[in-house]
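Remarks on the structure that follows.
The values are calculated or read from the model by the stated rules, or taken from the named source; none is laboratory data. Nothing here was measured: the structure is a model prediction, and the numbers come from that model. Note that we place each Cβ from the backbone using ideal geometry, even for glycine, and neighbour counts take in every protein chain shown. All accessible areas refer to the heavy atoms of the entire protein, side chains included, with ligands and DNA or RNA removed. Shrake-Rupley method; radii C 1.70, N 1.55, O 1.52, S 1.80 Å.
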Amino acid sequence: GYRYGLPSDADMVIDIRFLPNPYYVEGLKNYDGHHPEVAAYVLDNTESKEFLKKATDMMNFVIPLYEKEGKARLTIAFGCTGGKHRSVVMANQFSSHFQAMKHIVHTTHRDINKS
């Protein structure tokens with residue numbers, strides 16, 4: 001969550017505050033991004049789908065280049081306001097995508113319990 005500052009160990013920070021925010025939906029506010037209804041709310045729109053496609057395409061392009069340069073680890077951070085909803089959904093989406101591509105992925109939700 002941006003309200004808690006940028007992660008100092010991130011190689012890349014992707015701001016996703018442009019996506020619909022479940023915090024402002026009464027029935028979703030108290031759940032986090034692991035909840036299926038929150039994930040559906042964040043993902044079920046044209047902007048989210050297009051963002052995921054473009055962002056994964058970019059990462060599919062740059063990951064081999066990082067590997068070519070000898071980088072063994074790449075830390076990608078997703079930033080939203082509080083770190084409980086949108087960033088969790090997107091981190092989980094990226095994690096699933098890159099695990100399916102046989103990358104070793106570790107996913108941490110730094111601020112999920114703070115908001």
>> Only one of 109, 34 is at negative phi, under 13 Å from the mean Cα position of the chain (by Cα) and at pLDDT 95 or above. Can you tell me which?
In response: 34
> Restricting attention to region 102-115, which residues are of a type outside the set (S, T, N, Q), open to solvent by 10 Å² or more (accessible area, probe 1.4 Å) and in contact with a helix residue (DSSP H, G or I) (Cβ under 8 Å, 6 or more places away or on another chain)?
Replying inline: 103, 105, 109, 110, 112, 114
>> Looking at region 8-57 only, could you name the residues that are crowded, with 17+ Cβ neighbours inside 10 Å and in contact with a strand residue (DSSP E or B) (Cβ under 7 Å, 6 or more places away or on another chain)?
In response: 14, 16, 55
> Just wondering, is there one or more residues in region 32-54 that are free of Cβ contacts under 8 Å to residues at least 24 places away in the same chain and in contact with a Phe, Trp or Tyr (Cβ under 8 Å, 6 or more places away or on another chain)?
Replying inline: yes
